[in-house]
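Novice: Right, I'll just put the structure down here and ask away after.
The values are calculated or read from the model by the stated rules, or taken from the named source; none is laboratory data. Because the structure is a prediction, the values reported are computed rather than measured. Note: ideal-geometry Cβ built from the backbone for every residue, glycine included; neighbour counts use all protein chains shown. For accessibility, only protein heavy atoms count, side chains too; no ligands or nucleic acids. Shrake-Rupley method; radii C 1.70, N 1.55, O 1.52, S 1.80 Å.
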Amino acid sequence: MMGGGGWGHGHGGGGHGGMRRAMMGGSGRLGDWIEDEELGNAYDHRVVRRLLSYVGPYKPLAIMALVGIVIYTLSVVAVPYLVREGIDAIIAKESNRVTGIAVIVVAVSLVGWLAQWSHLNLMARISQGVLYTLRVQMFRHLHRLSLSFYDRNEVGRIMSRVQSDVLNLQEFLGGGLMGFAEVLGLGFIIIAL
């Protein structure tokens, strides 16, 4: 029976069934021979370098975001030090010093909050801009490909791969860079101790 239709030529989707079908003399598509997991390494410095080129147009915003991370981290490290000084002032019964330290703690906390808020907003603007540029370029590239390419490769697998890659990049830009800020903060805390 020749049923099915669509881009799959009646053979159904990918997955391990596609791999078994290829081994048994299936459709001969590239996607049937190689699973997505086998197509690339988890980390490739060339890919990271290429992705950093997309941040180039946002270099001033990236520098301001980095400054925000440093200011926020310094404020987080400064508060425990100031609290220690405040406790020492309380023990020494120096009420004027306690009041001054309390005002400084509030001011440092406000500056830290403002730095974190600006850092988060700037990083969101950068990551959305990079993702938009990548999506537009991928869309244009997919439209330039020949119809024979789509005959040889399953459209569903291509679209799934494109969406998965963009989603992974979005998660990295959204949350992965916050991990960088936390590591930077830990480094400052270790230096301060």
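Novice: How do 151-162, 70-81 rank on mean C-beta neighbours within 10 Å, highest first?
Specialist: Ranking, from highest mean packing down: 70-81, 151-162.
Novice: Taking the alpha carbon gyration tensor of region 37-143, what are the square roots of 5 times its eigenvalues, largest first, to the nearest whole Å?
Specialist: That gives 46, 15, 9 Å for the three semi-axes.
Novice: Tell me, what % of the accessible area of region 81-133 is carbon and sulfur with a 1.4 angstrom probe?
Specialist: 70 percent
Novice: Let me ask something additional. Return a whole-number percent for the relative contact order of region 62-177, with Cα pairs under 8 Å and 6 or more residues apart as the contact set.
Specialist: Rounded, it is 32 percent for region 62-177.
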